[in-house]
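The values are calculated or read from the model by the stated rules, or taken from the named source; none is laboratory data. Because the structure is a prediction, the values reported are computed rather than measured. Neighbour counts are summed over all protein chains in view; Cβ atoms, including those assigned to glycine, are modelled from backbone coordinates with ideal geometry.
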Amino acid sequence: GAGVSQTPSNKVTEKGKYVELRCDPISGHTALYWYRQSLGQGPEFLIYFQGTGAADDSGLPNDRFFAVRPEGSVSTLKIQRTERGDSAVYLCASSPGLQGPNEQFFGPGTRLTVL
Amino acid sequence: AQKITQTQPGMFVQEKEAVTLDCTYDTSDPSYGLFWYKQPSSGEMIFLIYQGSYDQQNATEGRYSLNFQKARKSANLVISASQLGDSAMYFCAMRRLRYNQGGKLIFGQGTELSVKP
């Protein structure tokens, strides 16, 4: 079946611009996650949705970052007034939201470059 | 707070030999899960193996096994009979376990494994 998809795969923008990154989770997965991975580092948690609501947004670095999941499926990560330090690969993952390992399935990521 | 430590930035192994990738963790939660992911140069994170904190036996998945030592807070990944396609970054991760809920993964810094022919 289809895995997690993310668009665009690459995004180049200028400092100060607004960007939106989209994530399409695996069908039926109730949990959706956003992570950010800088070069040579492990992914860092940003926000987690259970259904339509943000269950944990403790990883969002500041109020320039915002994410939505209005219908409990597709999610959009929004970054306002981008800064060069926002350059990274943004990974989305989804999980079934059931008991057990509940492993997260990752998408290919969006590489964001802020010039 | 939860923390994952991977002390080996890079490892080399000869094809067909076994290799152990180290992972230690720190948490005050009584119930947690430990995960290993593989990240090839293509960038996608691939789930390999899972170990629950209350599992009595070490997890195994094909050529992957997890050497879980709870008292030492270690969860090392063992890859047997290494293949050239195993060359990748490997990440250890953990999350708190809550009934019927997900939760954020905390990742280590990763270990880059290179398999030599």
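Of note:
- Positions within region A:73-112 being within 16 Å of A:Asn10 (Cα to Cα), more than 9 Å from every other protein chain (Cβ to nearest Cβ) and surrounded by 15 or more Cβ atoms within 10 Å (Cβ to Cβ), in sequence order: A:Leu77, A:Ile79, A:Thr82, A:Asp86, A:Ser87, A:Ala88, A:Tyr90, A:Cys92, A:Thr110, A:Leu112
- Taking region B:24-43 as the range and being at negative phi and out of contact with any strand residue (DSSP E or B) (no Cβ under 6 Å at 6 or more places or on another chain) as the test, the residues that pass are B:Thr27, B:Ser28, B:Pro30, B:Ser31, B:Ser41, B:Ser42.
- Residue identified as within 13 Å of chain A (Cβ to nearest Cβ), out of contact with any helix residue (DSSP H, G or I) (no Cβ under 8 Å at 6 or more places or on another chain) and among the acidic types (Asp, Glu) among B:Asp55, B:Asp86: B:Asp55
- Criterion: in contact with a Phe, Trp or Tyr (Cβ under 9 Å, 6 or more places away or on another chain), aliphatic (A, V, I, L, M) and at pLDDT 95 or above - qualifying residue of B:Leu48, B:Leu97, B:Leu84: B:Leu48
- Residue match in region A:64-72 (condition: touching a strand residue (DSSP E or B) at 6+ places or on another chain (Cβ under 7 Å) and at the interface with chain B (Cβ under 8 Å from one of its Cβ atoms)): no
- Residue check for A:Glu20: more than 13 Å from A:Ala88 (Cβ to Cβ), in contact (Cβ under 8 Å) with a residue 12 or more places away in the chain and either over 11 Å from the mean Cα position of the chain (by Cα) or outside any strand (DSSP E or B) (or both): no
- Pairs where the first residue, in region B:59-80, is farther than 17 Å from B:Phe47 by Cβ and in contact (Cβ under 8 Å) with a residue 60 or more places away in the chain and the second is surrounded by 12 or more Cβ atoms within 10 Å (Cβ to Cβ) and of a type in the set (Lys, Arg), C-beta under 8 Å, 6+ apart: B:Ser80/B:Arg63
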